[in-house]
Amino acid sequence: MTIIAGGLYRIRQKYPDINLSNYIIVGWGAGQFFKDNYPLISKKFSLDYTICPLKENHGKIIHNVKVIAPDEISSFKKPLLIVIFSNHSSIIMNQIRDYFGDIPVISSLDINPDFSLSLELDGFYNSFENFNFSQKSLKNPLFGIVVQGLIYDYTPQILAWNKLRNPDSYQCMVTWDHQSKNIIDKCLPWLDELKLVKQPDILGPFLFNTSIRSCKIGLDLIAKNNINYAVRTRSDSFIVGSIYSILEKYFTRFRNINKIAICLGFAWKNVPFHFSDRLMVGHTESLLNAWSLNEFNYNSNFENFIENYGNLNLNAISNITSESLFWRNFATRLNYQSENLIDSYKFARDLLLPLDPLLTHKSIKLLSLFDLKFDNNLSFDTNSWDNLHKNFDDYVAHAKFIDENAFQLNDLLSKKIG
């Protein structure tokens, strides 16, 4: 069966000031992801149109939704809010931004997420406007958090989350000096220090020079405050879990001084040095050393990433992605070999530690309207039997879904339904 959480209210988590009545909501995508998953949420959220770049789909009607071409966006009398149906929503978001500017976009659904985290974030957002926080200077913070990136509409909530969950930490942000005073002022109550700097003229591979510049400055602030431990995070992401647990597990009492803890879920194990840099924890000196690399003197972007690079050898990919370039550079400066996958594994074995499962992050940039959880077991087990009693309404909805879609035995045996 399918358990569904979420709804249109989540749009305001990503775009806090949006008035949905001023927008027309359309989909993006008409492929298998849309065909398989739109029926699961169509009772809670319906579309008249979905956009697809593929000409062979234009004019088709799929699940009572008309497929239109991207150039038809200009024909709508109201501005659009786009809901993406794809396994590659982050790439498509960047493509939409490059082609059409700052149209509001959000992913349609997340399959098998952490439901408890989704509920906690929903509750946090519902309460945020009632928070009243008085910032006090700290004498001896245990660790410092450097938040790097643009200030999005939802960044003040992320800063609040970090500070409320880690009240005795030092939190600084390094961001760009061209942003509006209004959005900057919303961040100030949650920060111990804010540094406004000039954005690089050359943004680097996949905008990575922006990360290099701001992380280096932020970590230097933490070092100058004589704080022993540092956390690097981004302005679009909630830190989920316990930073204290990571410090106690790996770093307190002068342990693992040269090592850095990272999220495993964003590392590509078959691409050399493609480890995540989105959330990092370690001794301040180690993180500052890692980010003390020169900015790149060229640009590359996300446009048509899969089309342009999909046929490249995996070793060649590691010379393109910002993650691989970053960690390979760090390995080289530490006198590690950095030519191939074996070198990558040796570096990871010696110097990287897993944050999982104690700590991870959730990007609001990739927030989904709905969370879907599938139970594809053919038969009842003890958990599903207990759920029959605890969540009977979900089973009623599931039974109606089965009846309405006239599924066949082949669907059941192939585990398309549970």
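Some points to look at:
- Unique residue being in contact with a Cys (Cβ under 6 Å, 6 or more places away or on another chain), buried (at least 21 other Cβ atoms within 10 Å of the Cβ) and outside any loop (DSSP other than H, G, I, E, B) when the list is 144, 218: 218
- Restricted to region 31-70, and to residues there that are of a type in the set (A, V, I, L, M, F, W, C) and touching a Phe, Trp or Tyr at 6+ places or on another chain (Cβ under 6 Å), the residue that is modelled with the lowest pLDDT is 41.
- Matching residues, region 48-66, being among the aliphatic types (A, V, I, L, M) and farther than 18 Å from residue 89 by Cα: 61, 62, 65
- The lone exception for residue 76 - which of (1) loosely packed, with under 14 Cβ neighbours inside 10 Å; (2) out of contact with any strand residue (DSSP E or B) (no Cβ under 6 Å at 6 or more places or on another chain) it fails: (2)
- Lone unmet requirement of (1) within 25 Å of residue 372 (Cβ to Cβ); (2) without any contact (Cβ under 8 Å) to a residue 12 or more places away in the chain for residue 80: (2)
- Region 13-23: number of residues that are touching a residue at least 24 places away in the same chain (Cβ under 8 Å) and either surrounded by fewer than 16 Cβ atoms within 10 Å (Cβ to Cβ) or part of a helix (DSSP H, G or I) (or both): 6
- Residue count, region 37-96 (criterion: in contact with a Ser or Thr (Cβ under 8 Å, 6 or more places away or on another chain) and aromatic (Phe, Trp, Tyr)): 2
- In region 165-184, the residues that are surrounded by 13 or more Cβ atoms within 10 Å (Cβ to Cβ), of a type outside the set (Lys, Arg) and not in a loop (DSSP other than H, G, I, E, B): 170, 171, 172, 173, 174, 175, 176, 183, 184
- Single unsatisfied condition, residue 275 versus (1) in contact with a helix residue (DSSP H, G or I) (Cβ under 9 Å, 6 or more places away or on another chain); (2) among the aromatic types (Phe, Trp, Tyr); (3) outside any loop (DSSP other than H, G, I, E, B): (3)
- Candidates 194, 188, 203: the one that is outside any strand (DSSP E or B) and under 22 Å from residue 168 (Cα atoms) is 188.
The values are calculated or read from the model by the stated rules, or taken from the named source; none is laboratory data. Since we're looking at a predicted model, the values are computed, not measured. Because the Cβ atoms are built from the backbone with ideal geometry, glycine has one as well, and the counts that use them run over all protein chains shown.
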